[in-house]
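Since the structure comes first, as structure tokens, the remarks are kept for the end.
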Amino acid sequence: MAAFTLIKHGRGALGLRFLGLGPGFIPKQGIIKLRTLLDKHAFWAHGRSNKKLRALLAGSTVVVSLWQGNRLVGFGRATSDGVYRAVLWDVVVAEDLQGLGLGKQVVQAILDSYSIRNVERVYLMTTKSSDFYQQIGFERVDNQSLLIKKRSNH
């Protein structure tokens, strides 16, 4: 099994967003590989276009990608004000590699990043992975409600 390479991209992930950079700062068609990872392994993120993926990267405070050779196998991002609040978004690891601690690596890299590590609270929303997040220190909150306003243009 090939080794894994974790990349902590700068704010907005310029190299990944514009050049598709992967390990070693070598172009790896990163946007296409991100779209494939999300389409295959993240039910909530099917069908995102390259254009919208570039926009979500541009708006992200922290972006982490995990590679096995030329294959993008993990991804996560966060937004934050850097002081009080941060939110984890789109944390995903290829299903055939789950259970190896890779998701924990991705989340820990996000939480340890300069822009996130000192915020008062880190939030996340999950449909099926509560147990995973609780194992790494997140707590269920029963006295708060998740509210959503859906937009028809997405």
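Of all residues in region 1-42, none satisfies the criterion of being exposed (fewer than 14 other Cβ atoms within 10 Å of the Cβ), of a type in the set (F, W, Y) and touching a residue at least 40 places away in the same chain (Cβ under 8 Å). So, in region 102-131, of the ones that are among the basic types (K, R) and farther than 24 Å from L147 by Cα, which residue ends up nearest to the chain's Cα centre (by Cα)? It comes out as K104. Contact list please: Cβ distance under 6 Å, first residue in region 59-71 and within 15 Å of L21 (Cβ to Cβ), second residue among the hydroxyl-bearing types (S, T, Y), pairs at least six apart or on different chains. Partner pairs satisfying both residue conditions: W67/T5.
For region 65-116, filtered to residues that are over 17 Å from L34 (Cβ atoms) and touching a Leu at 6+ places or on another chain (Cβ under 8 Å), the residue that is surrounded by the most Cβ atoms within 10 Å (Cβ to Cβ) is V107.
At least 3 residues being within 27 Å of A3 (Cβ to Cβ) and modelled with pLDDT of 95 or more is the threshold, and among the strands (runs of 3 or more DSSP E) wholly inside region 52-145 those reaching it are 62-68, 71-80, 85-93.
Output the residues belonging to region 16-51 that are hydroxyl-bearing (S, T, Y), more than 16 Å from the chain's Cα centre (by Cα) and part of a helix (DSSP H, G or I). Walk me through how you get there before you give the answer.
Narrowing region 16-51 to residues hydroxyl-bearing (S, T, Y): 36, 49.
Among the residues that remain, those that are also more than 16 Å from the chain's Cα centre (by Cα) are: 49.
Correct list: empty.
The values are calculated or read from the model by the stated rules, or taken from the named source; none is laboratory data. Computed from a prediction, not measured in an experiment: that's the story for all the values here. Using ideal geometry, Cβ is built from the backbone for each residue, glycine included, and neighbour counts are taken over all protein chains shown.
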